[in-house]
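Reviewing the structure listed below.
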Amino acid sequence: MILCEVCKKRVATLHITEIMADGMKRMVHLCEECARSEGVIEAKQAPHTLQQLLQQIMEQQMGDVSEETRKLKCPECGITYEEFRKRGRFGCPNDYRVFEGALIGMFERLHGASKHQGRQYKKGGKGASKASKLLNLRQKLADAVRREEYENAAKIRDEIKKLQEEEENESERRE
Amino acid sequence: MLDKGSKWLTQEGPESDVVVSSRVRLARNVANFPFVTYAEASQLEELQAYLGERLLSIIKDGIYLKMDDLSSVEKRVLMERNLISRELSESSIPSCVVFSEDESVAVMVNEEDHLRIQVVVEGFSLNEAYKRVSELDERIGEEIEYAFSERFGFLTACPTNVGTGLRASVMLHLPGLVMTRQMPKVFETAFRLGLAARGFHGEGTNALGDFYQVSNQRSLGRSEVSLIDDIQSIIPQLIRYERSVREALVEQTRKKLEDRIWRAYGLLSSCRLISTEEALDMLSLVRLGLNLRMLDGVSISEVSQLFVLVQPAHLQRRRGREEMSEETRDAERADFIRRFFTRN
């Protein structure tokens, strides 16, 4: 077993024959790490798309993330920061708020910035919030039924009915 | 739908000898709702129906197609026409697409995000595409509440799209640069500018038909207009580059070039079997020939449509067959192309 000539610690796995200017040959024995740092073999391919960079960030050992951050959990969808890192996808919009601190660094790496500079969006008019309220309520209803919280479910159903009636009256008035 | 290409494809836009089309897409999600990967099927089904209905009321001459109602061949037809992504065509999640009759506008529901709003315009027209997509985006945003934070902008399922949620891209035809092996330089330049360049058909940098796509990668920390400017600035250079290479090829190797182009024309007019790859390669030469005025007998718009119509799912669907062996498809393709070329 030959040890690496550079670090003298790791086992040499690359055995390179160097042909010198005078025609003499010489064997060089290197371990993979030293070969990379000496530039003998190429460093890991630099990412050339944003997706690849994201992959790299996600695969990184979570050593750079504190235990506390890892356990951050979104109260709305239940995803933890750790799970988000593993999957590479968020669970719901609220995650952005819960993981905000950790995200700033990630976005700096991915986009070179972490603050939005584009178009500002004002939550839409009455129509929009009512529509998404309805969607939201139906979702809450399904959750409640699944968890067998029938009293709660009944309350939500009533709210939905009320909103739907309101919508119907409004559209009738419009016509 | 299957006999003709997208209506917008039949028009030639600015710089169409090199730039085929410009596209801008915006990623949006509904507020207070789980993202696609975390939502339950029932929620997604409901969202799909709801958004589909809203979109139909907003998009003029809109067509609504629910993914569950389509066969896999039909989905691939949509993908070949760039109305849906490959991801959506292979997904089993409740989803749909709503697109305009001329196919310049297409909105996917429940692909990676709740909404992927896309506008395509012929030729080099990024500003036009952006104007149209942002108008549409505003109207949709009034009907539906988007997930948005002041700090991070439009919130998306994947961190690579957060902020503006914008991906702008330009599709280029670069046979000259390919022939003279200059594509690596193009990729390098794009990369250095923070843009992504890849072959349009086929995986990674392999490009069938010499079609390439240049797009932005970042979406956060810059305004929409400045992101589009990034691409706007590199395209004229690429156009000049490709044109000068074509000129040089004509000057220095005219006969050889003519011969290649006319051989391609001849092949397409008479072959009995032809694969997608070969068809696209030959069509690329014909498109070049038309742009260099070395060729006539078929119009550029017909050639542009053929690029789509000869693809496998289109052929299969035209014959109404779900299963078709490769040889049958190759024969179908050859017949279809021959009929096109000998029409005049």
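The values are calculated or read from the model by the stated rules, or taken from the named source; none is laboratory data. This structure is a prediction, so every number in the text was calculated from the model and none was measured. Cβ coordinates were reconstructed from backbone atoms using ideal geometry, including for glycine residues, and neighbour counts include every protein chain displayed. Calculation scope for accessible area: heavy atoms of the full protein, side chains included, ligands and nucleic acids excluded. Shrake-Rupley method; radii C 1.70, N 1.55, O 1.52, S 1.80 Å.
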Using a 7 Å offset from the Cα along the Cα-to-Cβ direction at both B:Lys185 and B:Arg139, what is the distance between the two label points in nm, to one decimal? 4.5
If one compares the long axis through the Cα atoms of helix B:41-58 with the longest principal axis of the Cα atoms of chain B, the angle in degrees, nearest 10, works out at 70
So how tilted is helix B:300-309 from the main axis of chain B? Cα-based, degrees 0 to 90, rounded to 10. 60
For the stretch B:94-156: rounded, prolate or oblate by the Cα gyration tensor [a/c cutoff 1.5]: oblate
Quick check: net charge around B:Asn32, other residues with Cβ under 9 Å of its Cβ, Lys/Arg +1 and Asp/Glu -1? -1
Using a 10 Å cut-off around each Cβ of peptide B:37-45, what is the average number of partner chain Cβ atoms that fall inside? 4
Can you list the trypsin sites (Lys or Arg not before Pro) in the stretch B:283-329 that are in a DSSP coil and have 10 or fewer other beta carbons within 10 angstrom? B:Arg293
Accessible area of B:Tyr38, 1.4 Å probe, to the nearest 10 Å²? 60
Taking θ = phi - 60°, what integer Hz values does the Karplus form 6.51 cos²θ - 1.76 cosθ + 1.60 yield along the stretch B:253-265, in sequence order, with x for Gly and Pro? 9, 3, 4, 4, 5, 4, 4, 4, 5, 5, 5, 4, 4
Burial-style ranking of A:85-93, A:6-14, average other-beta-carbon count within 10 Å with highest first, yields A:85-93, A:6-14
May I ask you to derive the FRET efficiency for A:Glu148 and B:Asp61 from their Cβ-Cβ distance with R0 = 35 Å, giving the value to the nearest 0.05? 0.15
Rounded, prolate or oblate, given the Cα gyration tensor of the protein assembly as shown, with a/c below 1.5 counting as rounded? oblate
Are there GluC sites (Glu not before Pro) in the stretch B:74-141 that DSSP marks as loop and that have at most 14 other Cβ atoms within 10 Å, and which are they? B:Glu101
With Cα atoms, 0 to 90° folded angle of helix B:126-143 axis to chain B main axis: 20
Taking the stretch B:242-344, which GluC sites (Glu not before Pro) meet the DSSP loop condition and have no more than 15 other C-beta atoms within 10 Å? B:Glu322, B:Glu323
Quick check for you: with a 1.4 Å probe and neighbouring chains kept, what is the accessible area per residue of the protein assembly as shown, in Å²? 49
My understanding is that a pair violates if its Cα-Cα distance is over 28 Å; which of A:Lys73/B:Lys66; B:Lys185/B:Lys256; B:Lys7/B:Lys255; B:Lys131/B:Lys185; A:Lys73/A:Lys133; A:Lys123/A:Lys161 do that in this structure? A:Lys73/B:Lys66; B:Lys7/B:Lys255; B:Lys131/B:Lys185
For chain B, shape from the Cα gyration tensor axes a ≥ b ≥ c, cut at a/c of 1.5 then a/b versus b/c, turns out oblate
Chains B and A: buried accessible surface, both sides, probe 1.4 Å, rounded to 100 Å²? 4300
Need the list of lysines near A:Lys25 for cross-linking: C-alpha distance under 24 angstrom, and skip anything on the same chain fewer than eight residues off. A:Lys8
